[in-house]
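One structure is given below, encoded as structure tokens.
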Amino acid sequence: MDKHYVYIVKCKDDSLYTGYAKNVEQRVEKHNKGLGAKYTKVRRPVVLVYQEVYETKSEALKREYQIKQYSRNKKLALIKEG
């Protein structure tokens, strides 16, 4: 069964980017090669700071949306807890 991940990376400018992936390591590599999201393309390098795993894509995408609504401080607290 495939796993689905929600992740947060810290960008060079200290901003945080939240995303979804089936393979987090490959996705972070893509971000760092400039092949990921437009947001991270100009903020490289990025460093993986947090991830969660889900059984279904639907669960992961719902969680990704939820985290994207969080304030920066709430995201930092989540990272610290994880």
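The values are calculated or read from the model by the stated rules, or taken from the named source; none is laboratory data. No experiment lies behind these values; they were computed from the predicted model shown. Heads up, the Cβs are rebuilt from the backbone with ideal geometry, glycines too, and the neighbour counts pull from every protein chain shown.
General observations
- Residues of the range 46-82 classified as surrounded by 12 or more Cβ atoms within 10 Å (Cβ to Cβ), within 14 Å of the chain's Cα centre (by Cα) and not β-branched (Val, Ile, Thr), total: 16
- For beta carbons closer than 9 Å, sequence separation of 6+ or different chains, a first residue in the range 43-69 that is under 13 Å from ALA21 (Cβ atoms) and among the aromatic types (Phe, Trp, Tyr) and a second that is in a loop (DSSP other than H, G, I, E, B) and modelled with pLDDT of 95 or more, the qualifying pairs are TYR54/LYS3.
- Qualifying positions in the range 22-56 - among the basic types (Lys, Arg) and more than 10 Å from VAL6 (Cα to Cα): ARG27, LYS30, LYS33, LYS38, LYS41, ARG43, ARG44
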